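We did not get these values from a lab; they are worked out from the coordinates using the rules stated. Bear in mind the structure is a predicted one, so any value in this text is a computation, not a measurement. Note that each Cβ is placed from the backbone with ideal geometry, even for glycine, and that neighbours are counted across all protein chains shown.
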Amino acid sequence: MRNILLLLCLACVSFAQTRQMGEVTSKNSNGITLKTDAGQNIDVPVTPETKILRVPPGETSLTKAATISITDINTGDRVLTRANQIIVMSRSDLDQKRSAEQAQWQKRGSSGKVSEVTADAFRIVTPNGQAMNVATSPQTTFRRYSPDSVRFSDAKPSTFAEIRAGDQVRILGDRNGDTINAEAIVSGAFRNFAGTIVSVNPAAGEIIVTDLDTKQPVTVKVNSEVNARRLPEQMSQVLAQRRNDGLGEGTASRTTSPGAPPVGNRAEPGRPAPAFGGSRDLGQMMERMPALTLAELKPGDALIVASTAGADASRATAISLLAGVEPLLTGPPSDRRLSGPWSLDINMAQ
């Protein structure tokens, strides 16, 4: 009996070790190479006994699966490997699904900062300062960003109970007057601050920044998902002048509390993105700015950091970094913003 149990345990361990999920990076006639979600590169052999199935994105069963061959697998496909089985979601199908979803969010999506939560609804303030009621139902789905990741794929299924005043949310649903009837809600707690660099560790992917408001050091984790840019000197000077003249983009809306950013209206695959408070989208502006690497930063440089908000205020996972902002941080502490608060758009890409 003990031997039988041992064999069963070994079989379970073997099965668990063959179960992997990730993206196809290459293939040959004998198998595929997979970069797992954990970041490992593994070779998955394909034998005559291996069954390869393709399923549409979003399906949770194999009822609609189609049998395919290894020649039908392409680089970029998402796969789940199991014992003698490979389940494939094609990259083209995923891209089409993502595009359709993003179109829906752009057409019927709303965003804002939660100002009040009641028993079964909550209120938000939109980027233009409008107060809206958000009504939920048993059919409303909820997701929430984890405190240490900026990827939507890492967002976890959530509930209404996790929504708090101060959260930033994006809501899919139709408007009826000043009410949004929510079909799906994605929420998250984010943090934005300006500071000066104390040290840079490119090997560890970390920088230590002194928060200009709290005067405390913050260790900022910078990974490959981060949108790091440098603001050209001339643009920085122009924005600083506009702020000083009272013409800054974000001065038109002061309905939120100081330092409490509303949510923008821009979505980009893979991460939430910062947006410029007001009519001009700083997120789009940033895409045209020179890219930045940690090796280019040095102690004393000024940064504006958009990050996730975790329980430990001394650590942050960066969403975006903007350097070259010294002219924008020379005003009084209450005015150390890019002509108004930053906002964070919560990305809808699956």
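Here are the numbers:
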quantity	calculated
Estimated FRET transfer efficiency (LYS64, SER314; beta-carbon r; R0 56 Å; 0.05)	0.70
Computed lengthening from GLU183 to THR196, 0.36 nm per intervening residue step minus Cα-Cα distance	0.5 nm
Hits among lysines - C-alpha to C-alpha of LYS51 under 19 Å, sequence gap 8 or more where chains match	LYS27, LYS64
³J(HN,Hα) computed for each position of the stretch 207-221 - Karplus, 6.51 cos²θ - 1.76 cosθ + 1.60, integer Hz, glycine/proline x	10, 10, 10, 8, 5, 5, 7, 8, 6, 9, x, 10, 8, 9, 7
³J(HN,Hα) computed for each position of the stretch 73-85 - Karplus, 6.51 cos²θ - 1.76 cosθ + 1.60, integer Hz, glycine/proline x	7, 10, 4, x, 5, 8, 9, 10, 9, 9, 4, 6, 8
Entries in LYS35/LYS107; LYS35/LYS298; LYS113/LYS221 that, when Cα-Cα distance is taken, lie over 27 Å	LYS35/LYS107; LYS35/LYS298
Neighbour-count order for THR210, THR60, fewest beta carbons within 10 angstrom listed first	THR60, THR210
Ranking of VAL198, VAL44 by count of other Cβ atoms within 10 Å, fewest first	VAL198, VAL44
Neighbour-count ranking [beta-carbon atoms within 10 angstrom, fewest first] of SER111, SER29	SER29, SER111
Value of Rg/Rh across the stretch 20-89 [Cα atoms, Kirkwood radius]	0.93
Gain on full stretching of the segment that runs from ARG82 to VAL238 - 0.36 nm per residue minus C-alpha separation	50.5 nm
Per-residue ³J(HN,Hα) for the stretch 59-68, Karplus 6.51 cos²θ - 1.76 cosθ + 1.60, θ = phi - 60°, Hz, x for Gly and Pro	6, 10, 9, 9, 5, 10, 6, 10, 6, 10
Amide hydrogen neighbours beyond the local backbone of SER158, cut-off 5 Å, H modeled	PHE142, ARG143, ARG144
